[in-house]
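Notes for the one structure printed next.
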Amino acid sequence: MADLLPGPGLPALLSDAVVTVALARAGGTAGGGAWLLADGLPLLLWRLRPTRRPEATPFDAALCAALLSTVTSRVISPQYLIRLLGPAAVCLTSRHTSQRPVALLLLPATALSTLAYPVLYQDVIDVTPLGSGAVLVRNGLLLAAAVLSARRPWSATV
């Protein structure tokens, strides 16, 4: 980790940023308290109780926080999913990441979301099997990615 991100205390700072994002999100949204209990509390416990910390932990935590924030949002637009690909790519730069399967699930979910909204938008509005199927598969992939993303870093560090 020190080779990738030099500086004293930087890994702890990156991990603490996850907690800051969770608390800021909880205070800034209408359903913030629910988000804090559902997503922020596990991230906070994970930050406070790790017994070991692989070098990719800050990267994994950032992707996990961004993904949980996106999935629990009322709106999931293609640009939100495209924004998740950056943290996923950063995770893939480390061979110690726990988020490799999550990154691989985000690729087809992003492609389906991009297909469903500009291309199949009328099918989504008309609730045709094609439009509904694209959104259903996209949401299933995002749900699987969110569950994996929350579970894998926890089991890698606790």
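Data for the structure
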quantity: Candidates Ser73, Ser77 - the one that is more than 22 Å from Ala56 (Cβ to Cβ) and within 12 Å of the chain's Cα centre (by Cα); calculated: Ser73
quantity: Hits in the range 108-158 - residues which are within 19 Å of Phe59 (Cβ to Cβ) and in contact (Cβ under 8 Å) with a residue 60 or more places away in the chain; calculated: Ala145, Ala146, Ser149, Ala150, Arg152, Pro153, Trp154, Ala156, Thr157, Val158
quantity: Residue match in the range 112-125 (condition: farther than 27 Å from Glu55 by Cβ, of a type in the set (Gly, Ala, Ser), within 17 Å of the chain's Cα centre (by Cα) and open to solvent by less than 30 Å² (accessible area, probe 1.4 Å)); calculated: yes
quantity: Residue ID - modelled with the lowest pLDDT, chosen from residues in the range 81-125 that are out of contact with any Cys (no Cβ under 9 Å at 6 or more places or on another chain) and not in a helix (DSSP H, G or I); calculated: His96
quantity: Answer residue from the range 50-94, given it is touching a residue at least 24 places away in the same chain (Cβ under 8 Å) and of a type in the set (Lys, Arg) and is least open to solvent (accessible area, probe 1.4 Å) among those; calculated: Arg53
quantity: Of all residues making up the range 126-139, the number that are assigned to a helix (DSSP H, G or I) and open to solvent by 40 Å² or more (accessible area, probe 1.4 Å); calculated: 6
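The values are calculated or read from the model by the stated rules, or taken from the named source; none is laboratory data. Values in this document were obtained by computation on a predicted structure and should not be read as measured data. Positions of Cβ are backbone-derived with ideal geometry, glycine not excepted, and every protein chain shown enters the neighbour counts. The protein model used for the area step is the full one, side chains on, heavy atoms only, and it has no ligands, DNA or RNA in it. Shrake-Rupley method; radii C 1.70, N 1.55, O 1.52, S 1.80 Å.
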